[in-house]
Amino acid sequence: MNQAYIADAVRTPRGKGNDKGSLKSIKPAALLGQTLSALAQRNRLDTRLVSDAIFGCVTQTGDQGTSVGTLALPLANWSDSVSAVTINRYCASGLSATHFAALQAMHGDTLAVGGGVEMMSRVPMGADLGPLTHDTALQLQAGLVPIGIAADAIATQRAYSRHMLDAFAAESQQRAARAAARASASSMIAVTDEQGSSLLARDENIRPNTSVESLAAIAPAFAAWGAKGGEDGWDAQLCRRYRLPAIEHLHHAGNSPAMADAAAAVLLGTKQALGRAGLSARARVLGFADTGSDRMLALTGTVTAAKLAITRAGLDTQDIDLFEINEGFAAMALQFMEDMPVGHERINVNGGSIAIGHAMGCTGAALVSVLLDELERRQLRYGCISICGAAGVASALVLERLDGW
């Protein structure tokens with residue numbers, strides 16, 4: 001069977017996902033369109049050679065409705081022969097879209113693009129009014145615990161203290177600040193307005209002055225929500241299922257992922273397809289996984305997916321030089337390190353979503369370029385990306401850095 005290679009991967013900076021965000025003035029299709037334009041220009045790509053494009057986006061309504069990924073292609077001046085689709089696997093959408101693109105490339109001996117876009121400043125989480133966020137009766141019936149409360153349940157199970165969670169969050173901020181102080185990452189593109197003026201060239205969520213002490217002053221965010229409903233509420237359900245005396249609520253805005261705006265794209269193909277297009281490869285895809293896990297705890301899927309992808313790649317956890325995981329709450333990251341097991345020195349070495357922000361449908365695809373940039377900077381070989389989402393969905397990808405052909 002053909003193998004999939006990554007010719008290139010690009011991402012925008014992550015902007016603040018609120019009214020103060022520098023990217024709020026640009027529409028999601030246009031933001032993704034700029035990303036696709038940059039991908040084509042960097043590689044002198046004849047877009048007629050691309051057979052399909054798959055994009056992740058979670059909140060598909062308003063500016064992100066009617067297959068926003070499809071609408072980005074003409075804005076990027078790509079060939080009309082390129083088909084596109086927009087998918088929703090919750091927060092794993094962008095990475096799962098990259099997997100689907102790899103499958104398309106391998107099946108058709110062709111080029112394909114995976115990616116994602118999410119602009120939470122323009123289309124807030126839950127704006128689609130779907131049952132996952134707006135139908136409490138369905139959520140209770142299906143056992144779909146809000147993930148902030150699930151994160152608190154994991155912390156309670158594992159006896160992670162508030163100090164441990166805040167220390168991880170503060171370190172994420174410091175790592176991100178150190179990375180931002182270096183020269184701009186090679187795969188990050190600046191976003192411009194219609195006149196060509198720069199809107200954003202660096203990640204803007206990072207708070208370099210964050211400390212454990214400053215985080216300690218923030219009140220937990222999910223206690224009232226968890227207690228609501230009494231014996232039928234989320235806390236009570238979690239305590240019964242996992243035999244816990246109580247849920248200790250420890251997560252807050254400072255040790256949770258920040259909302260963000262961003263877009264990303266990954267160009268994949270078989271070795272033969274890349275050769276026909278005059279492209280070299282930055283990496284080879286060794287294994288990937290889209291899977292499910294405990295739907296109530298949800299966030300544990302990052303471990304499940306990573307282990308499966310690493311096994312499919314024919315590797316062991318200790319073979320992986322660097323991991324990029326979406327920091328979907330501090331407890332999830334601590335649980336990942338404990339269960340894999342792997343030390344913090346190999347995970348999110350430039351910080352993660354707690355500091356940089358989480359643009360839901362985009363983040364998984366963006367982490368491909370984040371990981372590639374760091375593997376290349378350090379001249380390391382193997383990397384793994386893993387990301388989880390609501391209802392226990394999760395995706396992971398293992399790749400091998402190459403030095404071109």
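The values are calculated or read from the model by the stated rules, or taken from the named source; none is laboratory data. None of the values given here were measured: they were computed from a predicted structure. Backbone-built Cβ (ideal geometry, glycine too); neighbour counts: all protein chains shown.
Odds and ends about this structure:
- Of everything in the stretch 279-297 that is in a loop (DSSP other than H, G, I, E, B) and crowded, with 21+ Cβ neighbours inside 10 Å, the residue that is modelled with the lowest pLDDT is Leu297.
- Within the set Ala224, Ala260, Ala219, the sole residue that is modelled with pLDDT of 95 or more, surrounded by fewer than 14 Cβ atoms within 10 Å (Cβ to Cβ) and not in a loop (DSSP other than H, G, I, E, B) turns out to be Ala224.
- Candidate set from the stretch 66-82 (those that are in contact with a strand residue (DSSP E or B) (Cβ under 6 Å, 6 or more places away or on another chain) and of a type in the set (Val, Ile, Thr)); member that is farthest from Gln34 (Cα to Cα): Val82
- The condition (being of a type outside the set (Asp, Glu), part of a loop (DSSP other than H, G, I, E, B), touching a residue at least 60 places away in the same chain (Cβ under 8 Å) and surrounded by 24 or more Cβ atoms within 10 Å (Cβ to Cβ)) is satisfied by just one residue among Leu250, Leu244: Leu250.
- Scanning the stretch 298-331 for residues that are of a type in the set (A, V, I, L, M, F, W, C) and modelled with pLDDT under 95 yields a single hit, Ala298.
- Some residue of the stretch 13-20 being surrounded by fewer than 22 Cβ atoms within 10 Å (Cβ to Cβ) and either within 14 Å of Gly114 (Cα to Cα) or over 20 Å from the mean Cα position of the chain (by Cα) (or both): yes
- Unique residue being hydrophobic (A, V, I, L, M, F, W, C), over 20 Å from the mean Cα position of the chain (by Cα) and at pLDDT 95 or above when the list is Leu138, Leu75, Leu95, Leu144: Leu75
- Criterion applied to Ala246, Ala227, Ala221 was being within 26 Å of Cys91 (Cα to Cα), among the small types (Gly, Ala, Ser) and out of contact with any His (no Cβ under 7 Å at 6 or more places or on another chain), and the one residue passing it is Ala227.
- Restricting the first member to the stretch 5-33 and to residues that are closer than 21 Å to Ser187 by Cα, and the second to residues that are at pLDDT below 95 and of a type in the set (S, T, N, Q), the beta-carbon pairs closer than 9 Å and six or more apart or on different chains are Pro13/Ser184.
- Just one of the listed residues (Ala289, Ala283, Ala365, Ala298) is in contact with a Gly (Cβ under 6 Å, 6 or more places away or on another chain) and over 21 Å from Pro146 (Cβ atoms), and it is Ala365.
- The listed residue being β-branched (Val, Ile, Thr) and under 18 Å from the mean Cα position of the chain (by Cα), out of Thr47, Thr35, Thr61: Thr35
- Residues of the stretch 40-62 that turn out to be closer than 25 Å to Val123 by Cα and either surrounded by 18 or more Cβ atoms within 10 Å (Cβ to Cβ) or free of Cβ contacts under 8 Å to residues at least 12 places away in the same chain (or both), as a count: 8
- In the stretch 83-122, the residues that are within 24 Å of Lys16 (Cβ to Cβ), surrounded by fewer than 24 Cβ atoms within 10 Å (Cβ to Cβ) and among the charged types (D, E, K, R): Arg122
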